[in-house]
Every structure is written in C-alpha cells, then in structure tokens.
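Beneath this line is the structure, given in structure tokens, with notes to follow.
What follows is calculated from the coordinates using simple rules that are stated; it is not laboratory data. In this text the structure is predicted, and so the values were computed from the model without any measurement. Cβ coordinates were reconstructed from backbone atoms using ideal geometry, including for glycine residues, and neighbour counts include every protein chain displayed.
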2 protein chains.
Amino acid sequence: MSINIRQLDSSSAGFKTALRAVLAFEASEDAAIESSVAQILADVKSRGDEAVLEYTKRFDRLEAATLDALELPRARLEAALEGLAPKRRAALECAAMRVRAYHEKQKLECGTHSWQYTESDGTVLGQKVGPLDRVGIYVPGGKAAYPSSVLMNAIPATVAGVKEIIMVVPTPDGVQNELVLAAALIAGVDRVFTIGGAQAVGALAYGTATVPAVDKIVGPGNAYVAAAKRRVFGVVGIDMIAGPSEILVICDGTTNPEWVAMDLFSQAEHDELAQSILLCPDATFIARVQQAIEALLPEMPRRDVIKASLEGRGAFIKVRDMAEACAIANDIAPEHLEVSALDAQAWGQHIRHAGAIFLGRFSSESLGDYCAGPNHVLPTSRTARFSSPLGVYDFIKRSSVIEISQEGAQTLGEIAAELAYGEGLQAHARSAEMRIK
Amino acid sequence: MSINIRQLDSSSAGFKTALRAVLAFEASEDAAIESSVAQILADVKSRGDEAVLEYTKRFDRLEAATLDALELPRARLEAALEGLAPKRRAALECAAMRVRAYHEKQKLECGTHSWQYTESDGTVLGQKVGPLDRVGIYVPGGKAAYPSSVLMNAIPATVAGVKEIIMVVPTPDGVQNELVLAAALIAGVDRVFTIGGAQAVGALAYGTATVPAVDKIVGPGNAYVAAAKRRVFGVVGIDMIAGPSEILVICDGTTNPEWVAMDLFSQAEHDELAQSILLCPDATFIARVQQAIEALLPEMPRRDVIKASLEGRGAFIKVRDMAEACAIANDIAPEHLEVSALDAQAWGQHIRHAGAIFLGRFSSESLGDYCAGPNHVLPTSRTARFSSPLGVYDFIKRSSVIEISQEGAQTLGEIAAELAYGEGLQAHARSAEMRIK
C-alpha cells in the first residue's frame, strides 16, 4: 500500500519554515457551534432538569420522565463489571491499580500538604492545601468511548481526596458501553448520569435540581463539549482543551523499524488530524520505516484513518545527529515523545518540553496510554511548553494563610502604608496604620 | 456622610436567594471589544513590529521609529530606583525581600523537584519538573499602575527559575511610572517594553522581530487585555482572568469597629464593582461598624468610589454564630477573608474556600496586599473553590517519564493489548504486542 509521507531535512534551507507549516494547527472557531452552545447553556442554567431532558431527547434520542431516571444506580455499574470477560476485567483492574499507584506517588511528591512557618515576631505565614469538593468528569459516548480515559480522569481526583465525582456520559439511543461503566466503578466514580453534550456541561457547571453543581469539569469531548467547557470556565474550573493527539519518535536507527512504524500508526489511528513525526539521523533507517509502514498498513483495520493522518500531518525528518533531534523535539514540544535509542536515558536529559517522555525501545506509547501508570491526558499543540499532564495537582487548590502578630503589624504597617500612599490607595494605608500603636 | 449598605440576616426566609443576588457578578461580553481585539491580534500576528508601533501610536499617543526604541534600557530602570525617596525605596525593597522569602519557602513545599521510582522489573516511572523558559508580565499603565503587582507577578517566576521575564507596560503620552520601573528592577525583570493593550499581548504571544514570544502571560489589565489573554490562551499559558476584588470580614464583635470599617474601605476603594461583606453574630457590633463607616468616610480621598462600591455590592450579614459565619464564608469562597476574632486560629480551621485567609485582628488585608509575603494575585468570584493564589507552581510544568524494561514490556504489553482491542484501537494493541517475545 503506497503512502506519501512528507520528508524534511534539517540541513536544508527552508527547514524551519517547513517545520512550522507541518506543526501549524489552529482549531477553527465555528460560529454555528458557538451560538448553539451559548443557547443550550443559558437554557440549562434557567430551566435546569427540564432543559437537560429536552436536549437529551433531541440529540441522543433518549427519553425519560425525570432526570433521576437517567442516573445509573450502582447496581448497574456492578452488573457491567461482573459481565466483563475475566481477562478484560483483570486488565482493567490491573491498569487502574497501576494508575492509582503512580498518582499516589505523585501526591507525595507534588506538594499537596499544607505548610506554615513562624517568623521571629510571631507572625505566621503559610498555605493551606486541600482537595476540591466535587468534580465532574465528561466521558464521550459512541465510538470515542474510552474506558481508559475514565480511569485517567477519575483516579487522580480520588487520590487527591475529592469528596464526590460525578460522571456524565451520553448514551445515544440508550446504548451503554459496558467497559466504560465498569471503569467508572473501578475508578471510584460516585454518580453516573447518561447525559452528554453542552447540556451535560451546563448541568455540571450550574447545577440542576437533580445534577449537583461541581467545582471543576475534566475530560475530553467533541466540538460542542469543548465550546461549552470554554464558556463555563470561570464558573467552574476546566482541564485543558485538547487538540489532536501527537507522537514524536526520535530514533538513532537501532530500533526494529516495524516497531517504529507501528508506534507511528498508534497515534495516526486516532483521527485524521493526529500527528506522527519521526526524527532520525539515519536516512537508510527512515527508508526502512517507510517500507515497514507500506508493508504493515494493509493489515490495519483503521488503515484509511492512518493513511490520511500520515499523509496529511505526518513527517519524516532527517536530522544531523541525536543532539539536534533533541533540540528540535524541544521546539516541537510534543504530547508524546519516544526516545527509541541505545542511550535513551542520556538523550532524555536533553528533553525539556514534552507531555510524556518514553525512554528506550520497550517504552511504546501504547503502554503509557493504558497501564504504565502515568496519566494519558497530556498537553497537545506545543502547550507542553507551559502545561503538564493531568495529575493530582489538578484536583487540589491552595489558600494563603496570614496571621500577623501585634509586633509584626508595627513594622509591616509602616511598609504597607508607605507603598499604599505611593499607589494612591489611602484606605489601604490607613487600615495598616490603625494597627500601629 | 450617610450610606446605605444592604443588611441581610441568615435566619430570615429568603436569605440564600438574597445572598446569591449579592454575589452575582457576570463579566459582560462586549462584542465591540471582542471584534476589535480579534482584529488587533491578527494584525500583530501577521505584521509584527509594524502593527505594534501603529497601535501604540494610535492608542497611547506614543510614537517611535522602531520597536527597539520602546524598550527601556537597564540604565533607565536603575535611574528610576536611584531617584526614589529613600523611605519609599526601602519599603519597596523590604516588600520584595519578604515576597521572595515566602515564595522560596513555597518552592520547597509545592513540589517543584523531579522524581522517579523503579519497579521490581526495572521499569522506571516518574516526572520531570522544570521552570518555563520565558514569561511575559502585563502591567497596566495610568491610574491602575501598581508597583506591588510587578513584585507579585515577577517574583514567583524568578523563584521558579524562569530564564527570562519580559514586562510590558503602556505609557500613554510617554508618561512613565518611576515606582513601577524601580519595582521591575528589584523584582528581576529582564526586559521592559513600553507597549500595552491587546497589541502587547499579541506581541508576547506570537513574538515579533523585536519582542520575543513567551510561554505564558500573567498580570492584570483592562477589558481589552483580558479579552486578548483569553484569545491567545492555548498559544501561550495565561493566569486567571480576575473579576472585581472582594473582601469578606468575619468578626466576633471584639475588634475595634473602626478597623473593620477601614478594612472594608480598603477593598471598596479599588473600584465601584469591588465587594466588601461583613459577617457577624452581633447586631450591635454591626451597627457600630456602620457608625464608624459614616464617621470615617468623609476623610477618605476616594470616598465616592468607596460609597458606590459599598452601596452597590457591599453587605452586612447578621449570622447566628461564628460557626455559621464560617459555613457561609465557604459558600462565598471570597478572594480575601479576614477572621477578626479572639479565637481566629480555631475558626480558621473551618475555612476551606478562600484565596487568602487573614487570621486575627492585626492581619489587615492591606498588609497582605503589600508586604506580608504571600501573593496578592488571588482567585476572585468564587473561583477559590477550585483555584489558587498565583505562585511558584504557576511557573513550572511537568513531563511524565516512562522507561519500560524488557521484562515490564511483557506483562504491560498483555494488559495494554487487551484494553486496546476493547477500545477498537488495533495499532495500539499491535505496538504493545510487538514488544512481547
């Protein structure tokens, strides 16, 4: 099966511009979606349950007399788990266990404890750290219903100590996904409503008579869900708005080219806009990966999506050496980065910007997607320059604690008043001065 | 000076609804601002320096031949610092020192170190943590030019280890604020451009020939700046979009009512939309605060703003007891919370949602605004339920590290393949299976 993947060379003149063109991706803003979402949110805000029921009937062809009837009882989740084939159930439970173990470790390391210190005059300063009260998890329905995403979104919240996790998942025509429901139970979700779209986001953000208002909404969704999350941001917290998924493989030419080809496929099969890029100093190896791609592609059930993705957004980049490959990787700041090389740990030291760094030829992205332990919700579209994988830290928040002693108020009051007068804020100054004896 | 402040009682029937009405605040979306900002950003993105120069000429009446000419040399910042009155300079330096000390402590406590662990089969999992490369700080010009904000935004970034900090500050008609420039030098800002508005946000987000592109933009601004920050979010990180400032004072009736009155003023003087609320179980004390307000108001240079703010958005809430006051405070989730009571530490334990918690009658908000040490950039409009003060953690980001051993790939490969087939992602499954011997 012939396939035409863009070839770049880092030593050619127009490389930098060509690379920018390969990476360029801008989510188009769709005015029709925006206005539709704005209207749905306003309607859910004012009419609550009733509006959610109407939109669920209209968009998911799912009717119910009350929103209560769209909440799944715990017994339904238990039945889903009991009904799984033993091997699949074991895989799901083992993945959950590993994801939980990693996030427990993260909780210890990422600073989720309160702290304070006392100054010599008795003034106490610190920070109070605690979990969010209630979190909503959006899980897409239909073909993009991924039980692994349920684990990856819910487990960090439970580890953080969030008191209540509300999951929403649309079930068009009433079709429920057993693996998703089982994952919800395993992950520790408290309540599940079979609602979706902007109406579910609105219900979680504003609360209705039946759906409790949450403090943060996480989880992937289609364009309507993304637009709704953007709009309710501020009323509630949201996670990142993800772009298409990306993999960047840096290979020194010592890995089996079929492994590299399949790793590129594993990203490309997600979606035609997904991006798979190979950086390699060895032109012969790049040719071998190309051959492996051509040989393996016909076997893949999702070959049409893979081909469209690789031809539309993929690239082979011939680099001068591994050091240059790392530098280019930092510029690309990919969601997933595989360093498939003999000296992977050493090269990994050069990587500063990537959502997840997979070191060594046995670390395929797919292991990270399901069960290595780290989160698979990662920053896309170069946002790894400034943002992080979803983690325990996304489900905690902090308050400053300031307890000024009488003695402290004397010295600090002078400073504060001086600066407040400098800014023309006299009440600030007087408020500080009043505490001075 | 008579003043009419809303009075609520927590034991009256409509209290919950009345409280919601007091708190309700929605930033209106202004279509004219949105379209103007969209156009400015697009123009800066495509024409760079030239566009920034044109908008600066148009909006700030400031002309320059090149954008280079709008960068302030370090000697200019040094001159500003040298020119300050000694007492003011000392106050600024002392404030900076205290803010730095607090954030150094925060850096130690908030999990800014990389970590990893090795499993029994040799698999290594962990997280690489590092500072952002380059950050932009927006500082408003004109009357809202606050040197304290320069310290509060820049210092956490320098403590986090950000390599380069670019500050932008509009100087309408070329008028520069000496205290702001001195603060930039003290805080460790690397470069300063006298540009502002949406054009400055665009220059920082996209980069121009002269202004380097940054990874994150923080700092307050007017409606144009806020709209521009929202629009470039994703290209760069942004801090929160702040609403009007708020103070909530819980008082048991043992504090000097003049102190409480002045603390309420110190919030109200910011802006007519600022919100000052007092919760107190003692109706007599509330009346004494009202008297103190009437007595003190005429002395305040900003009395018109204070009066408008207190009458428009302020409230006195009579509560049953201190425990109820704490519960209501958690529902309000204020930006600033003063617990002005005898047993402040004990009551403080009940507070879960607030940007900053000020304990005890000597802890006036104004000390925290300038020099106590904790950051004064705090979550507003109930967002303290899910977000945190600006901190060192806002200037770091994390990458997952996954190094699977050959042995680990055998067991994890089985699990990943099983789940990938369950999700219909065959390339993911094959990629895992290929690593199994």
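Distance from the Cα centroid of region A:308-383 to that of region A:148-198 is 29 Å (rounded to whole angstrom).
Residue-wise HN-Hα couplings along region B:427-437, as the Karplus relation 6.51 cos²θ - 1.76 cosθ + 1.60 with θ = phi - 60° gives them from phi, are 5, 4, 5, 5, 4, 6, 5, 4, 7, 8, 5 Hz; Gly and Pro carry x.
Ordered by the number of other Cβ atoms lying within 10 Å of each residue's own Cβ, fewest first, A:D60, A:D215, B:D43 fall into the sequence B:D43, A:D60, A:D215. So which trypsin sites (Lys or Arg not before Pro) in region A:10-102 end up in coil per DSSP with only 16 or fewer other C-beta atoms within 10 Å? For trypsin sites (Lys or Arg not before Pro) across region A:10-102 that sit outside H, G, I, E and B with at most 16 neighbouring Cβ atoms in 10 Å, the list reads A:R61.
Inverting the pair-averaged 1/r between distinct Cα atoms of the protein assembly as shown gives 28.6 Å as its Kirkwood hydrodynamic radius. Scanning residues 5 or more positions from B:E338 or on other chains, those with amide H under 5 Å from its amide H are B:L248, B:V249, B:I250, B:F358, with H placed 1.01 Å from N in the peptide plane.
Taking a straight line from the alpha carbon of B:K216, these aspartates and glutamates sit under 12 Å away, with near neighbours fewer than eight places off in the same chain left out: B:D133, B:E164, B:D239, B:D394. Scoring B:373-382, A:321-330, A:184-193 by mean Cβ neighbours within 10 Å over their residues and listing the highest first yields B:373-382, A:184-193, A:321-330.
Between A:S245, A:S149, A:S387, the GNM of chain A built on Cα springs shorter than 10 angstrom shows A:S387 fluctuating the most.
Each residue of region A:326-337 was assigned a 3J(HN,Hα) from its phi angle through the Karplus curve 6.51 cos²θ - 1.76 cosθ + 1.60 (θ = phi - 60°); the sequence is 5, 4, 5, 4, 5, 5, 6, 6, x, 5, 10, 10 Hz, with glycine and proline shown as x. For region B:297-378, chymotrypsin sites (Phe, Trp or Tyr not before Pro) are listed when DSSP marks them as loop and at most 14 other Cβ atoms sit within 10 Å of their Cβ; the list is empty. Of the trypsin sites (Lys or Arg not before Pro) found in region A:265-364, those in coil by DSSP whose Cβ has at most 15 other Cβ atoms within 10 Å are A:R320. Label-point distances for A:R20 to the equivalent site in the other copies, using a point 7 angstrom along Cα→C-beta, read 5.0 nm when ranked shortest first. In straight-distance terms, cross-link reach from B:K437 covers every one of the aspartates and glutamates whose alpha-carbon lies under 19 Å from its own, apart from those fewer than eight places away in the same chain; here that gives A:E258, A:D263, A:E365, B:D121, B:E403, B:E407, B:E414, B:E418. Separation of region A:71-95 and region B:263-288, taken as the distance between their Cα centroids, equals 54 angstrom. Residue pairs exceeding 21 angstrom between C-alpha atoms, taken from A:K57/A:K163; A:K105/A:K397; A:K397/B:K107; A:K87/A:K163; A:K87/A:K307: A:K57/A:K163; A:K87/A:K163; A:K87/A:K307. Between the amide H of B:G237 and those of B:K216, B:I217, distances stay under 5 Å, these residues lying 5 or more places away or on another chain, with hydrogens modeled in the peptide plane. Think of the axis that spins chain B onto A; the B residue whose C-beta lies nearest it, and the distance in whole Å, is B:G111, 2.
Label-point spacing at B:A32 relative to the other copies reads 3.1 nm, in ascending order, each point sitting 7 Å out from Cα along Cα→Cβ. Each helix, a run of at least 4 DSSP H residues, gives -39500 (n - 2.57); summed and divided by the residues of chain A, these come to -14500 deg cm²/dmol at 222 nm.
The shape of chain A comes out oblate: with a ≥ b ≥ c from the C-alpha gyration tensor, a/c is at least 1.5 while a/b does not beat b/c. Rounded to whole numbers, the Karplus 3J(HN,Hα) couplings from phi for region B:179-185 are 5, 5, 5, 5, 4, 4, 5 Hz, using 6.51 cos²θ - 1.76 cosθ + 1.60 with θ = phi - 60°, and x at Gly and Pro. Just so you know, the Rg over Rh for region A:31-238 is 1.04, from Cα atoms, with Rh as the Kirkwood radius. Annotation: amide H-H contacts under 5 Å for A:Q275 (H modelled 1.01 Å from N, sequence separation of 5 or more, or interchain): A:S245, A:E246, A:I247.
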